[in-house]
Every structure is written in C-alpha cells, then in structure tokens.
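A quick write-up on the structure given underneath.
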Amino acid sequence: MSVTSPVGEQFPVRVFGGPTALFEYGGLRFLTDPTFDAPGEYPTPAGPLVKTAPAAGTPADLGRVDVVLLSHDEHPDNLDTSGRALLADVPLTLTTPGGGQRLGDRAKGLADWESVDLDRPGGGTVTVTAVPALHGPGAREAIEPIVGQVVGFVLTGEGLPTVYVSGDNASLDLVKETAVRFAPVDTAVLFAGAPRFPVLFDGATIVLDSAQAAEAAVILDARRVVPVHYDSWAHFTEGRDEVIAAFAAAGLADRLDLGERD
C-alpha cells in the first residue's frame, strides 16, 4: 500500500518484512536480502538477534527469482537459513566481494562502483552497479573489521527508471557519492529501522534511522521511496510509524510507498 499515490506509474514492490522485497525490473525479477525463517532467537557474535514476526510469505510464494541483491551474507537478519537454501535455486546472487567467495558458484561479488550487465528477456540489458555502504558510524577501517562488508546497488537500463537499493547502510556521505553519479533516482529501496546494539559503536545506529532515510530521499532526488528493514526484529528501534512521521515532517509524504504485502 502507498501512504499517498506515487506520481505516475510505478512498478510494484512486494515487501515481506525485514530487508526482503521482490520487484520486477526490465523483465527480470529481483529479490533483496532473503529472510524467511520463523520468529525466534538467532545467535551472532554481538549477541542474539530476536526475530519478532514471520515473513509476509514464504519462498514458495516468490515465483521465479532471477537475481538476488544481497547486501551482505554474514548476519541472519539479512540472510537466514531459508534464504541460503533459496540461493541454490537462483541463477545469480550479487553481493560483497567476500560474500561472493563464501556463497559459491552462483554468487558474484562486486567491488564499489563495479558493474555487471544482465540480459533482459527479449533483448537489451539491465546494468547493476555496486555502490558503497557502511554498516555503522565512522570510518570503513573501523567498522568493517567488526560488522563486515556491505554493499548497495543501482539498477539502470535503456528506457528504464533508475533504482537504488541501499543495503544496510548508515552513511549519508555515501548516499551523496551515489547521488553524484546516479541522481535523480526513480525508486529508492531504503533500508531503515535505526538498529542499535549497546555493545557496538556506543549504541549508535548501524543503518539509517527514519529521519536519515528522509534525508537520503532528498539527496537522491528520489521520486519514490520504498522503506524496508524496519520491522520484524527486536533490534530495530524505529518502525513504520516513525518512517511515516519522518517523511511527513520532511514534506515527503507523497514520495513514500510502503510496498505491497499479501
């Protein structure tokens, strides 16, 4: 559902909860960070992650998936057991360089600004470009040894809108770098939720909060924003209401689209 109707025609984005969304673009079907495991407690080096709600669907509901856009493979709230099993049936997973090494022959790791061209049904290509992301505050050299690499993506193609998928990014400076190359963006799938851990980075957010997501929309000159990664996990400290309020406060309510849920 949309908070208000987006201007003009937009392709639908189906959201499943957490970071998982499905959309068709250029005739190809893309899935972000697949997470379909049941609610429960999942161990990580920083402490257990608690999933509080089931996904709004199952892998069997997806239909064909051509490409998984995986921000990172090292945390169960971005790739869980059922998500890993799903990757075996997907022709291509695009992810971080390290994830590309860990996930097998069907995965390809992309360095920042590296692109891959994907054949479209009926001719032409979709270009997927890896864009930088940081899973926490501060400098890359301080963050990545603790939480690992993450990556975002931009999708482009002749006659197609520009789509940005942020991944688990906390840096507006990196959003600005992406905007220099790709703005204006037609659809931005922004990971939000303001996740925090008291034991990491003095409790600072490790992905955008709601106000930062609204600011990212301005930076990207995004025509539409589909927020994900703000529900279904206990460490997400801001949810749907905070996202709606932040976009309304920024005068961007007409750009917010909460996606489709079956």
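Report ³J(HN,Hα) in whole Hz for each residue of region 74-87, in order, from the Karplus equation J = 6.51 cos²θ - 1.76 cosθ + 1.60 where θ = phi - 60°; Gly and Pro get x.
9, 10, x, 8, 10, 8, 9, 4, 5, x, 4, 5, 4, 4
Could you line up 254, 66 from fewest to most neighbouring Cβ atoms inside 10 Å?
254, 66
Search the structure for amide H atoms under 5 Å from the amide H of residue 131, placed 1.01 Å from N in the peptide plane, and list their residues when 5 or more places away or on another chain.
Close amide H contacts, sequence-distant or interchain: 113, 152, 153, 154.
According to a simple spin-label model (label point 7 Å from Cα along Cα-to-Cβ), what is the distance in nm between residue 248 and residue 218?
1.9 nm
With springs connecting C-alpha atoms under 10 Å apart, model the chain as a Gaussian network and identify which of 89, 33, 73 has the largest mean-square fluctuation.
89
So, R0 is 35 Å and r is the distance between the beta-carbons of residue 240 and residue 119; what FRET efficiency does that work out to, to 0.05? Provide the component values of the computation, followed by the final result.
On the way: r = 37 Å, r/R0 = 1.06.
Here the calculated transfer efficiency is 0.40.
Label points 7 Å out from Cα along the Cβ direction at residue 261 and residue 58: separation in nm?
1.9 nm
Could you size up the charge dipole of the chain around its Cα centre, putting +1 on the beta carbon of Lys and Arg and -1 on that of Asp and Glu, and report it in debye to the nearest 20? Mind showing how you got there, number by number?
Details: 18 positive and 36 negative charges, 43 e Å.
The dipole magnitude comes to about 200 debye.
With the cut-off at 1.5 for a/c, could you classify region 96-172 from its C-alpha gyration tensor as rounded, prolate or oblate?
Taking the square roots of the gyration eigenvalues as a ≥ b ≥ c, region 96-172 is oblate.
Whole-Hz ³J(HN,Hα) for each residue in region 158-174, computed from phi via Karplus 6.51 cos²θ - 1.76 cosθ + 1.60 with θ = phi - 60°, x for glycine and proline: what do you get?
4, x, 10, x, 8, 10, 10, 10, 6, x, 6, 10, 10, 10, 6, 4, 6
Can you tell me, using C-alpha contacts under 8 Å and at least 6 residues apart, the relative contact order of the chain as a whole percent?
20 percent
Quickly work out the residue 11-to-residue 176 label distance, labels modelled 7 Å from Cα along the C-beta direction, and quote it in nm with one decimal.
Between residue 176 and residue 11, the simple spin-label model gives 3.0 nm.
Put +1 on the Cβ of every Lys and Arg and -1 on every Asp and Glu Cβ in region 13-253; which of 45, 249, 127 then has its Cα farthest towards the positive end of the dipole?
The residue sitting most towards the positive pole is 127.
In what sequence do 176, 51 fall when counting other Cβ within 10 Å, fewest first? Spell out each step's value before the answer.
Values: 176 13, 51 22.
Ascending number of Cβ neighbours within 10 Å: 176, 51.
Over 10 Å intervals from 0, what percent of Cα-Cα pairs in the chain sits in each interval?
7, 34, 40, 17, 1, 0
Per-residue ellipticity at 222 nm for the chain, helices alone: DSSP H runs ≥ 4 residues times -39500 (n - 2.57), over residue total, nearest 500 deg cm²/dmol?
Value at 222 nm, helices only, nearest 500: -5500 deg cm²/dmol.
Among 243, 126, what is the fewest-to-most ranking by other Cβ atoms within 10 Å?
Sorted ascending by nearby Cβ count, the order is 126, 243.
Does region 168-253 classify as rounded, prolate or oblate by the C-alpha gyration tensor (a ≥ b ≥ c root eigenvalues; a/c under 1.5 gives rounded; else a/b over b/c gives prolate, otherwise oblate)? Provide the component values of the computation, followed by the final result.
Details: a/c = 2.20, a/b = 1.42, b/c = 1.55.
Oblate shape, in that a/c is at least 1.5 and b/c is the bigger or equal ratio.
Summing Lys, Arg as +1 and Asp, Glu as -1, what charge do residues with Cβ under 14 Å from the Cβ of residue 212 carry, residue 212 excluded? Display every interim value, and only then the final one.
Working: positive: 176, 196; negative: 168, 173, 209, 215, 238, 242.
Computed value for this residue: -4.
What does the C-alpha gyration tensor say about the overall shape of region 141-211? Classify as rounded when a/c is under 1.5, otherwise prolate if a/b is larger than b/c, or oblate. Before the final figure, lay out each step's value.
Working: a/c = 2.74, a/b = 2.15, b/c = 1.27.
Judged from the Cα gyration tensor, region 141-211 comes out prolate (a/c at least 1.5, a/b above b/c).
Since every read-out is calculated from the coordinates, none of them should be taken as a lab result. Note that this is a predicted model, so its numbers are computed, not measured. When we count neighbours, we look across all protein chains shown, and the Cβ atoms used for this are built from the backbone with ideal geometry, even at glycine.
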